[in-house]
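Written out below as structure tokens is the structure these notes cover.
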Amino acid sequence: MGYTENSLLSLDSLSEYCSSPDIVEELVEVFVEDGKYCLQKIAEGLRRKDCPQVRLYAHRIKGSARYIAAEKLSEAASKLENASEQSPCGELSDYHEELKNAFFDVVHYFENSDWKSQLKN
């Protein structure tokens, strides 16, 4: 993993939004499904050099990441979103890679940790 669990996301912040593990689990499932879709659309946009598409889906991931308190992921999405406004699409691969790594770090955390027991009730 690229991040420690403590820097990956804030379960305390997530608990403030929703303390029900079942509801959070549903949110995470939607987040993962939508995030994978967005990453596919970003990759497609990069292949076609469609910076507006890259920006749109990076922005979408940024918002979703904030909703589940995954700040490092949100930061990576923000970097790609901003870079897509300032750089040619052919120069965004490093930002895209950082975003993919951050996304799958969050997915790995939710799939392989006992995060439910750490939510505040």
When every residue in segment 63-105 that is touching a Lys or Arg at 6+ places or on another chain (Cβ under 9 Å) and touching a residue at least 60 places away in the same chain (Cβ under 8 Å) is compared, the one surrounded by the fewest Cβ atoms within 10 Å (Cβ to Cβ) is D105
Where the second residue is basic (K, R) and surrounded by 19 or more Cβ atoms within 10 Å (Cβ to Cβ) and the first is more than 18 Å from D105 (Cβ to Cβ) and lies in segment 28-52, which pairs have Cβ atoms under 9 Å and are six or more apart or on separate chains? G45/R55
Among the residues of segment 64-95, the number that are touching a helix residue (DSSP H, G or I) at 6+ places or on another chain (Cβ under 6 Å), under 16 Å from D50 (Cα atoms) and assigned to a helix (DSSP H, G or I) is 6
Matching residues, segment 50-62, being crowded, with 20+ Cβ neighbours inside 10 Å and either polar (S, T, N, Q) or within 30 Å of K116 (Cβ to Cβ) (or both): Y57, A58, I61, K62
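Per-residue answers, yes or no, for (1) at pLDDT 95 or above; (2) over 11 Å from the mean Cα position of the chain (by Cα); (3) assigned to a helix (DSSP H, G or I); (4) of a type in the set (F, W, Y):
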{"site": "G45", "(1), (2), (3), (4)": "yes, yes, yes, no"}
{"site": "Q53", "(1), (2), (3), (4)": "yes, yes, yes, no"}
{"site": "N101", "(1), (2), (3), (4)": "yes, no, yes, no"}
{"site": "F110", "(1), (2), (3), (4)": "no, yes, yes, yes"}
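The values are calculated or read from the model by the stated rules, or taken from the named source; none is laboratory data. As the structure is a computational prediction, the values presented were derived from the model and not from experiment. Note that each Cβ is placed from the backbone with ideal geometry, even for glycine, and that neighbours are counted across all protein chains shown.
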